[in-house]
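Q: Mind looking over this structure? Questions follow.
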Amino acid sequence: MGGMNGRPRAAADAVLYGADGSRESAAMAELLTEMGVEFEYRSVNRDPAARREWEDLDGERLPMLRMGSVGIVRGLDRIKVQQLIGWVGC
């Protein structure tokens, strides 16, 4: 595991939309935690407001990670997350 020179962004910057009971959503949350990324988890099957936000973004895939205005990662895509975190940390 490599070190990160940047500090993790504030929780408000990273939002993970997922579904309770979804293996991919849980795996994405674990990945973000391993990478030291603070994030807010929003369940689209439990929280109607979170579902509307997710649908407004495009509502195509879960999990979906939104990093502020920097970017969105759809699905469990480790490489894209690493690229996005690397970009944010610069």
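The values are calculated or read from the model by the stated rules, or taken from the named source; none is laboratory data. Remember, it's a predicted structure, so these values are computed and weren't measured experimentally. Neighbour counts are summed over all protein chains in view; Cβ atoms, including those assigned to glycine, are modelled from backbone coordinates with ideal geometry.
Q: Could you go through the range 27-50 and let me know if any residue there is in a strand (DSSP E or B), at pLDDT 95 or above, among the aromatic types (Phe, Trp, Tyr) and closer than 16 Å to residue 13 by Cα.
A: Yes: one or more hits.
Q: Write out, first by first residue and then by second, each pair whose Cβ atoms fall under 7 Å of each other, whose residues are 6+ apart or on separate chains, and whose first residue, in the range 69-90, is within 12 Å of residue 35 (Cα to Cα) and surrounded by 15 or more Cβ atoms within 10 Å (Cβ to Cβ) while the second is of a type in the set (S, T, N, Q) and at pLDDT 90 or above.
A: none
Q: With respect to the numbered conditions (1) at pLDDT 95 or above; (2) assigned to a loop (DSSP other than H, G, I, E, B); (3) surrounded by 14 or more Cβ atoms within 10 Å (Cβ to Cβ), which one is the sole condition not fulfilled by residue 8?
A: (1)
Q: Right, here's the next one. Return yes or no: is residue 62 in contact (Cβ under 8 Å) with a residue 40 or more places away in the chain, part of a loop (DSSP other than H, G, I, E, B) and of a type in the set (A, V, I, L, M)? Lay out the reasoning, then the answer.
A: Details: in contact (Cβ under 8 Å) with a residue 40 or more places away in the chain: yes; part of a loop (DSSP other than H, G, I, E, B): yes; of a type in the set (A, V, I, L, M): yes.
Judged against the criteria, residue 62 is a match.
Q: Pick from 62, 16: which is at pLDDT 95 or above and closer than 22 Å to residue 86 by Cβ?
A: Working: 62 fails: closer than 22 Å to residue 86 by Cβ.
16 is the lone residue from the list that is at pLDDT 95 or above and closer than 22 Å to residue 86 by Cβ.
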